[in-house]
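Okay, structure first, notes after.
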Amino acid sequence: MADVHLMYVAGEATAALDGATEAVIDPANGEQIATVPQGSAADVDRAVAAAEQAFDGWAATTPGHRSALLLKLADRLEAHAEEFAQLESRNVGKPISVARGEIPFGVDNMRFFAGAARVLEGRAAGEYSPTHTSIIRRDPLGVVGSVAPWNFPLVMAIWKICPALMTGNTLVLKPSEQTPLSTLRLAELAADLFPPGVFNVVTGHGDTVGAALVSHPRVRMSSLTGDTATGKVVARAAADNLKRLHLELGGKAPVLVFDDCDAELAIAKICEGGYGNSGQDCMAASRVYVQDGIYDEFVTELTRAVSKVAMGQPADESTEMGPVISERQRDRIAGFVDRATASGPASLAVGGLGQGPGFWYRPSLVVDADQDSEIVQKEVFGPVVSTTRFDTEEQALAWGNDVEYGLAASVFTKDVGRAMRAARKLQFGTVWINDHLPIVSEMPHGGFKQSGHGNDMSIYAVEEYTEIKHIMVNIDT
């Protein structure tokens, strides 16, 4: 029998106002694993009202007090680590070994933000007019409305919860309707920690709950992690009341592989970065550029390595890659590959559709893709990596930048000068040298161009949830 979960508004577990529910599906077998409320605009209104009522009291608390509460929540998450790993693995289709690795990172994120809240500061006060002293404050914005994605439900919910609450804002959070379970469980653990209305979770769909949240006139900031098309919808919805936006959107990470690289290392990192989380990662190593002198041998070895990526049931300890999130996503991925290989010159070296039940697409490598092809230019968001041959450093950098995304990139070379030139010229929020995918709580995660604006993690994220206020005191009285 499927588990029944409730949303959280004003510190209380609650059903949708109209009683509507919907099923949560296990992507490994297509079976229902839970029932959750299917919220509506009325539920958003209720949650925003609760958050607004709680705002003044919460904003008046000290950073130290807010930090202490978040640290308690981090301890609770850590104590329930295996429960959360199992939830995340089953709901998203992540291999259990991968899900277990994400929980300590989420705990570390919480503890970082708890500390960062206590060191946020303005610039020094001073007299910029001989008769006045100027002071800079950083004040909370009010009610924040956030929308979290389905690929990293818990971790990316934490990225939204922590900076919002630690800066004195109150929050209404919508998890993905496909993967709400870990966020709802976190809200349950937090229910007796934060005052009622400070942290609210409303479940439902993007075109109802999400749209109502980002367009709500009493929401002062909207934060979205999602695809670029959704980001544009959110930006248009937010225009009516000019609310602040934080958008972490799509990506199409280039991997530049030069002929002097450690090829074994590069192949291992491409497999990790391209097929981890079934490629459902906006930083995935999705388009690989290999220098002409090593291209043929490198692609042969990469094909062999991709064929060995262990796809299997998420609960199996040896599984390296599970299913994709849904039938719709699997079919979308298949469409990209079919179009890429239909008329050449690109071909599928390994991979393709997997066998059901569940939503399976095998680790796939499309080789000899043209720079202007759809498979290179557009985000597939699945376990598909393309390879393209390049000649010179200048060509590699030009092609690396020649997409509308700018979230992450990597460079594999033993030439320090070349690595630093590439890091300077690549228009991406993160550039790795001889690696792909590692992130840490202290460093920002954000992008250029249509990958959005604003940063997750780091002190930069904390600052974005505040407004700068200038106070000017007449001292000549």
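The values are calculated or read from the model by the stated rules, or taken from the named source; none is laboratory data. All of these numbers come straight from a predicted model, not from anything done at the bench. All Cβ positions, even for glycine, are placed from backbone atoms using ideal geometry, and neighbour counts span all protein chains on display. Keep in mind that these areas ignore ligands, DNA and RNA; they rest on the heavy atoms of the full protein, side chains included. Shrake-Rupley method; radii C 1.70, N 1.55, O 1.52, S 1.80 Å.
The set of residues in the range 288-309 that are of a type in the set (A, V, I, L, M, F, W, C), over 26 Å from the mean Cα position of the chain (by Cα) and not in a helix (DSSP H, G or I) contains only VAL290.
Pull up the range 70-98, narrow it to residues that are free of Cβ contacts under 8 Å to residues at least 60 places away in the same chain and not acidic (Asp, Glu), then point me to the one that is surrounded by the fewest Cβ atoms within 10 Å (Cβ to Cβ). The selected residue is ALA79.
If the condition is being within 10 Å of GLY358 (Cβ to Cβ) and surrounded by 20 or more Cβ atoms within 10 Å (Cβ to Cβ), then the range 315-334 contributes GLY322, PRO323, VAL324, ARG330.
Among what's in the range 94-126 and is in a loop (DSSP other than H, G, I, E, B) and within 20 Å of ILE158 (Cβ to Cβ), pick the residue that is modelled with the highest pLDDT. Applying the filter and picking the extreme gives LYS94. Against the test of being within 19 Å of the chain's Cα centre (by Cα), open to solvent by 10 Å² or more (accessible area, probe 1.4 Å), within 20 Å of LEU245 (Cβ to Cβ) and of a type in the set (Val, Ile, Thr), the options VAL147, VAL172 yield a single qualifying residue, VAL147. Collect the residues in the range 187-220 that are under 19 Å from GLY57 (Cα atoms), open to solvent by less than 60 Å² (accessible area, probe 1.4 Å) and assigned to a strand (DSSP E or B), keeping them in residue-number order. Within the range 187-220, PHE199, ASN200, VAL219 qualify. Is it the case that some residue within the range 266-287 is among the hydrophobic types (A, V, I, L, M, F, W, C), open to solvent by 40 Å² or more (accessible area, probe 1.4 Å), out of contact with any Ser or Thr (no Cβ under 8 Å at 6 or more places or on another chain) and in a helix (DSSP H, G or I)? Yes.
Cβ separations smaller than 7 Å between residues 6+ apart or across chains give the following pairs from the range 239-264 residues that are under 13 Å from LYS414 (Cα atoms) to residues that are open to solvent by less than 10 Å² (accessible area, probe 1.4 Å) and assigned to a loop (DSSP other than H, G, I, E, B): PHE258/THR413; ASP260/THR413; CYS261/THR413. Give the residue that is most open to solvent (accessible area, probe 1.4 Å), with candidates limited to residues of the range 335-367 that are within 27 Å of ASP26 (Cβ to Cβ) and touching a residue at least 60 places away in the same chain (Cβ under 8 Å). Residue satisfying both the conditions and the ranking: PRO357. If the condition is being assigned to a loop (DSSP other than H, G, I, E, B) and of a type in the set (Phe, Trp, Tyr), then the range 385-430 contributes only PHE428.
Here is a yes/no grid of residues against (1) outside any strand (DSSP E or B); (2) open to solvent by 10 Å² or more (accessible area, probe 1.4 Å); (3) among the acidic types (Asp, Glu); (4) within 26 Å of ASN277 (Cβ to Cβ):
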{"position": "TYR128", "(1), (2), (3), (4)": "no, yes, no, no"}
{"position": "SER134", "(1), (2), (3), (4)": "no, yes, no, no"}
{"position": "ARG137", "(1), (2), (3), (4)": "no, yes, no, no"}
{"position": "ALA157", "(1), (2), (3), (4)": "yes, no, no, yes"}
{"position": "LYS160", "(1), (2), (3), (4)": "yes, no, no, yes"}
{"position": "GLY168", "(1), (2), (3), (4)": "yes, no, no, no"}
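Restricting the range 4-26 to residues that are in a strand (DSSP E or B) and free of Cβ contacts under 8 Å to residues at least 60 places away in the same chain, which is nearest to the chain's Cα centre (by Cα)? The qualifying residue nearest to the chain's Cα centre (by Cα) is ALA23.
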